[in-house]
Amino acid sequence: MTSAPESLIGLFDRAWTRTAARLAGLTDAEYLWEPVPDGWTIRPDESGRWRIDADGGGPAPDPVPVPTIAWRMGHVGLTFVDFGERLFNGRNITIDDVEFSGTADGGVAFLENAYRRHWREPLEKLTAEEWWCPGGPAFFGFAERPVFEVVLHVLDEFVHHTAEIGVLRDLYGKIAPVG
C-alpha cells in the first residue's frame, strides 16, 4: 500500500511532467509577454540583474496585477527554493539569494533546478516521522501545522500557477501581437 507522503510525491512528479511538457518550446517573446499593462513580470535592474516584481509574491494589492509567464515561473521556482531551504536546511533566504533569468531557456532551467534540487530530491528524504512534525516558526501560519500541510501548500502553489502558465501560452498563440 502506498503511504500518503508517497502519493503526494507522486502528485508532484505528475505535475512536473505536465509542466515540463507545457514549457517545451517556450520562446523569449512568450516568456516576457505582458498580456495587460502594468502586470507583474521580471525585469533587469540598473545593474542588469533580473528582478521579480513584488519580490515574487505578497502581500498583493487588490486587484492583483496580471503576471507574465516569466513572473509565474519565477514565483513557483522561488517557492521551491524558499520553502525547500526553510524545510530541509533550516535557513531563510532573501530575494537576493535567487537568480532569475531574462530568457525562456534560462527560466525553464531555473524552475527545473529549483524543483529538483531544492524541493523534490530533499522531499523524498523526509522520514515517515518528519512528515507529521510541526513546520516550525519559519513557516508562520503553518508553524504548528504538520510538514505534510506545508508540502500540500507548495503543491497548491505549483499546480495553480503552472496551470495559469498553460493558459497564458494558449492566449499568446491567439491574441499576442505579431512581430
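Would you work out what percent of the accessible area of the chain, with all protein chains in place, is carbon or sulfur (probe 1.4 Å)?
Its accessible area is 56 percent carbon and sulfur atoms.
So, in nm, how far is label Leu152 from label Glu6 when the simple model puts each one 7 Å beyond its Cα toward the Cβ?
2.1 nm
Counting every Cα pair in segment 63-128, what percent are over 15 Å apart?
Tail of P(r) above 15 Å: 53 percent of Cα pairs.
Where does the chain land on Rg(C-alpha)/(2.2 N^0.38 Å)?
Here the Cα radius of gyration is 1.06 times the empirical estimate.
Just grab the label-to-label distance for Arg43 and Glu121, each label 7 Å out from Cα along the Cβ direction, in nm (one decimal).
Calculated label separation equals 3.5 nm.
Could you work out [θ]222 nm for the chain from helices alone, using -39500 (n - 2.57) per DSSP H run of at least four and dividing by all its residues? Round to the nearest 500 deg cm²/dmol.
That comes out to -16000 deg cm²/dmol.
Hey, can you grab everything whose amide H is under 5 Å from the amide H of Trp40? Only 5+ residues off in sequence or another chain; H modelled, so Pro and N-termini drop out.
Val66, Thr68
Measuring with a 1.4 Å probe in the full set of protein chains, what accessible area per residue, in whole Å², belongs to segment 90-179?
57 Å²
Among Phe83, Tyr31, Gly166, flag the residue with its Cα farthest along the positive direction of the charge dipole of the chain, charges on Cβ as +1 for Lys/Arg and -1 for Asp/Glu.
Highest projection toward the positive end goes to Gly166.
Regarding segment 29-89, what is the average projected area of its C-alpha convex hull, in nm²?
Average projection, Cα convex hull of segment 29-89: 5.2 nm².
Give me the distance between the Cα centres of segment 63-140 and segment 1-43, rounded to whole Å.
One Cα centre to the other: 13 Å.
Quick one: compute the contact order of the chain, relative version, from alpha carbon pairs under 8 angstrom and 6+ residues apart, as a percent.
Once divided by the residue count of the chain, the mean separation gives 24 percent.
Compare the Cα positions of Ile95, Pro65, Leu111 along the charge dipole of segment 47-119 (+1 at Cβ of Lys, Arg; -1 at Cβ of Asp, Glu; about the Cα centre) and return the one farthest towards the positive end.
My answer, from the dipole projection, is Leu111.
Using a 10 angstrom cutoff on alpha carbons, build the Gaussian network for the chain and name the most mobile of Trp50, Trp33, Trp71.
Trp50
Can you list the HN-Hα couplings for segment 16-30, worked out from phi with the Karplus curve (6.51, -1.76, 1.60; θ = phi - 60°), rounded to whole Hz and with x for Gly and Pro?
Result, rounded to whole Hz: 5, 4, 5, 5, 4, 5, 5, 8, 4, x, 4, 9, 4, 4, 5.
How many percent of the alpha carbon pairs in segment 130-179 exceed a separation of 15 Å?
59 percent
For the chain, modelled as a Gaussian network with Cα springs under 10 Å, which listed residue fluctuates most, Pro134, Pro59, Pro44?
Highest fluctuation among the options: Pro59.
Residues of segment 24-65 with the amide nitrogen closer than 13 Å to a label point 7 Å from the Cα of Ala109, along Cα-to-Cβ, please.
Residues passing the 13 Å test: none.
What is the magnitude of the charge dipole of the chain about its Cα centre, with +1 placed on the Cβ of each Lys and Arg, -1 on the Cβ of each Asp and Glu, and no other charges, expressed in debye to the nearest 20?
Result for the chain is approximately 400 debye, rounded to the nearest 20.
Rank Phe88, Phe80, Phe12 by mean-square fluctuation in a GNM of the chain with C-alpha springs under 10 angstrom and give only the top-ranked residue.
Checking each option, the largest mean-square fluctuation is seen for Phe88.
The values are calculated or read from the model by the stated rules, or taken from the named source; none is laboratory data. A quick note: this is a predicted structure, and the numbers were derived from the prediction, not measured. For neighbour counting, all protein chains shown are included, and Cβ atoms are generated from backbone atoms with ideal geometry for every residue, glycine included. These accessible areas exclude ligands, DNA and RNA; they are computed on the full protein's heavy atoms, side chains included. Shrake-Rupley method; radii C 1.70, N 1.55, O 1.52, S 1.80 Å.
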